[in-house]
Each structure stands twice: as structure tokens, then as C-alpha cells.
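Working notes for the structure below.
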Amino acid sequence: MISILIPTYNYNVFPLVASLHKQAEKLALTYEINVYDDCSPNPVTANEAINDLTNASYSILKKNIGRSAIRNLLAKNARFDNLLFLDADTKVIRNDFLEKYIASITIDTEIIYGGIIYQTDPPPKEEILRWQYGKKREALSVSERQKQPHLRFLTLNFLIKKAVFSRLSFNEEIPNLRHEDTLFALEAKAKNVGVIHIDNPVVHLGLENSKIFLRKSLESVESLHNFVNQGLIKPEETALSKKAESLRKYHLKPAAAKFYKIFRRTMEKNLLSSRPSLVIFDLYRLAYYLSL
């Protein structure tokens with residue numbers, strides 16, 4: 001028995017739901033597929049067809065509640081013990097996607113992460129940075145992910161026991177910016193909740209243009225900085241905050257702030273080009289973190 005839970009916002013999620021529905025019917029599973037739209041200003045009409053599928057439903061929330069709260073609400077209302085969370089902008093590429101998740105469930109299962117991949121062919125120039133970052137930093141093999149099972153876990157494609165989710169849940173008190181998945185993973189680690197990694201990826205379709213990705217990256221840095229200051233995340237728990245803390249110990253914070261101010265435009269020119277450097281991207285974020 002499995003509840004497939006998909007939060008969405010201004011996105012056509014019907015193709016994803018249809019593919020999952022087809023697999024679930026073929027396996028003769030006891031299942032449900034629940035899609036919650038987080039009060040999109042212009043809901044995608046194609047999503048209404050989800051309600052015509054057996055064991056599937058599409059609902060539009062009356063107000064926007066944010067990424068953390070909508071996931072918690074989906075879990076709360078789920079009927080079954082196994083919760084499979086998927087982001088709306090993903091695509092199932094394996095015909096045995098659900099079957100592989102089901103086969104991986106044991107009596108000791110707490111969290112299972114299937115992974116993510118990106119398209120092979122380069123996207124348009126304006127989406128290159130997000131594509132490069134995804135391919136190099138997120139689309140990792142099982143062996144690479146297992147080296148840091150909690151920090152290499154993303155919330156766009158994972159299965160979790162409902163009883164385990166009730167012990168964790170997503171933090172609704174934080175600003176609706178970034179790092180809710182990081183906090184979720186670190187809480188799981190702190191509570192000794194195990195994360196099993198398997199080779200069962202989805203494709204991430206929602207590539208943002210580089211300008212939007214850079215803006216969101218800075219928002220993410222700000223969130224991380226605030227969470228470290230609030231004690232929600234320890235500096236050594238993420239690569240960025242760990243590097244920043246080591247530089248701060250050597251009193252390099254003022255120099256980093258000056259560096260960011262002087263070279264920001266130069267770095268952004270590279271990152272918005274057709275050949276962005278992830279080394280520069282890392283430096284860009286680190287300098288910004290230290291300038292805060």
C-alpha cells in the first residue's frame with residue numbers, strides 16, 4: 001500500500017501522474033495519488049483531468065502555505081503507511097519505477113531516496129548554469145550518495161514511512177526560501193533515521209534560467225546563514241558554512257566582503273555565460289555568505 005504525494009504550483013503535473021497511474025494499475029497496487037496545488041494564481045487546467053483517474057485526486061488549496069506546510073499536509077491526509085513524495089517538475093523514466101520502490105521496502109525501512117538525473121543534451125544557453133549544477137552536484141551515483149547519506153538526500157524523489165514522517169516533518173516555522181530539505185535531512189540524521197539510497201532516479205525537468213537560479217542561490221545562502229546563526233544548522237554540517245567558518249577563524253570575513261563587492265559583476269558575467277564555471281559559482285556563494 002502506497003500514497004504517492006505531489007505538491008505543485010503553476011505546473012502541468014498530469015503527465016507525471018498519468019505515468020505513475022499506469023504503473024500502479026499494472027502492478028495492481030493498493031494506492032492513491034494525491035496532488036495538492038499550493039493556490040496557484042493561474043491553475044493549470046490540464047491538472048483537472050487527474051480527478052478522472054482511479055485512485056487519484058487533484059485539489060487546489062484556498063491559500064498558499066509554502067513548500068514545507070504543503071508536504072506536511074499531504075502526509076497528514078495520506079491513507080497508507082508508505083509515502084512516496086515527488087516534485088511536480090520531475091519525469092519518471094523507468095517502467096519499473098514504482099515496482100523498484102516497493103521491492104526496496106523492508107520491515108526496517110525508514111527513508112529511501114531514488115536519486116535524480118538531468119537531460120543529456122545541453123539546454124538553451126540561459127539554462128546552462130542550472131543544468132551544469134544539477135549534473136555535477138545532484139545527479140550522483142548511489143555509491144557517491146552513500147558517502148554522505150543524509151546530506152546527499154533530496155526531497156524531490158523519496159519514500160518514507162508515515163510513522164517516521166510523523167517524527168520528522170518539514171519545518172513550517174522557517175521562511176519559505178530554501179534549505180527546508182537540508183533541515184529535514186539533518187533532523188533525520190540527529191534522530192538516527194536511516195536513509196537508504198537506491199538507483200531509481202527521476203529526471204528533473206524544471207530548469208530555471210541562470211538569472212533566476214542565481215537569485216535563488218543567494219536566497220539559499222541567506223537562509224543557510226540565518227539557520228547557522230539560529231543554531232538550526234551547525235557550521236560543519238554543510239560544505240558552504242564549513243568553509244565560511246574556517247575562513248572566519250582566520251579573520252578573512254572583511255576581505256571576502258570586499259572581494260564580493262569588487263568582483264561580483266565579473267563572476268556573474270561568467271555564471272550567466274554559455275560556459276559557466278562551478279568553481280566560480282562556489283566562490284560567488286562563499287564570498288556572499290561571508291559578506292552577510
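The values are calculated or read from the model by the stated rules, or taken from the named source; none is laboratory data. Since this is a predicted model, take the numbers as computed values, not measurements. Glycine gets a Cβ as well: all are built from the backbone with ideal geometry, and neighbour counts include every protein chain shown.
Only residues that are out of contact with any Asp or Glu (no Cβ under 9 Å at 6 or more places or on another chain) and under 28 Å from residue 91 (Cβ atoms) were counted in the stretch 182-196, giving 3.
Of all residues in the stretch 1-56, how many are among the aliphatic types (A, V, I, L, M) and closer than 23 Å to residue 161 by Cα?
Restricting attention to the stretch 1-56, the residues satisfying the condition of being among the aliphatic types (A, V, I, L, M) are 1-2, 4-6, 13, 16-18, 20, 24, 27-29, 33, 35, 44, 46, 49-50, 53, 56.
Right, trim to closer than 23 Å to residue 161 by Cα and you get 1-2, 4-6, 16-17, 20, 24, 27-29, 33, 35, 56.
Of the residues in that region, 15 qualify.
Only one of these is modelled with pLDDT under 95 and either under 14 Å from the mean Cα position of the chain (by Cα) or surrounded by fewer than 20 Cβ atoms within 10 Å (Cβ to Cβ) (or both): 159, 183. Name it. Can you show your working first?
Working: 159 fails: modelled with pLDDT under 95.
Just a single option satisfies the conditions, and that option is 183.
Checked against the criteria, residue 59 counts as assigned by TED's automatic domain parsing to the domain that holds residue 162 and assigned to a strand (DSSP E or B). Of all residues in the stretch 6-15, one or more are in contact (Cβ under 8 Å) with a residue 60 or more places away in the chain and in a helix (DSSP H, G or I).
If you take the residues in the stretch 204-255 that are touching a strand residue (DSSP E or B) at 6+ places or on another chain (Cβ under 9 Å) and modelled with pLDDT of 90 or more, which one is farthest from residue 126 (Cα to Cα)?
Here is the first cut: in the stretch 204-255, the ones touching a strand residue (DSSP E or B) at 6+ places or on another chain (Cβ under 9 Å) are 204-206.
Remaining after also requiring modelled with pLDDT of 90 or more: 204-205.
Values: 204: 17, 205: 15 Å.
That would be 204.
Within the stretch 192-208, residues that are more than 16 Å from residue 102 (Cβ to Cβ) and in contact (Cβ under 8 Å) with a residue 24 or more places away in the chain sit with their Cβ atoms under 6 Å from residues that are among the acidic types (Asp, Glu) and outside any strand (DSSP E or B), at 6+ positions apart or across chains, in these pairs: 193/110; 194/110; 205/89; 206/89; 207/127. Scanning the stretch 42-68 for residues that are among the charged types (D, E, K, R) and farther than 26 Å from residue 29 by Cα, we see that the one that is surrounded by the most Cβ atoms within 10 Å (Cβ to Cβ) is 67.
Inspection of the stretch 248-264 finds a residue satisfying the criterion of being of a type in the set (Val, Ile, Thr) and either farther than 16 Å from residue 183 by Cα or in the same structural domain as residue 171 (by TED's automatic domain parsing) (or both).
When 223, 291 are checked against the criterion of being without any contact (Cβ under 8 Å) to a residue 60 or more places away in the chain and touching a Pro at 6+ places or on another chain (Cβ under 8 Å), a single residue qualifies: 223.
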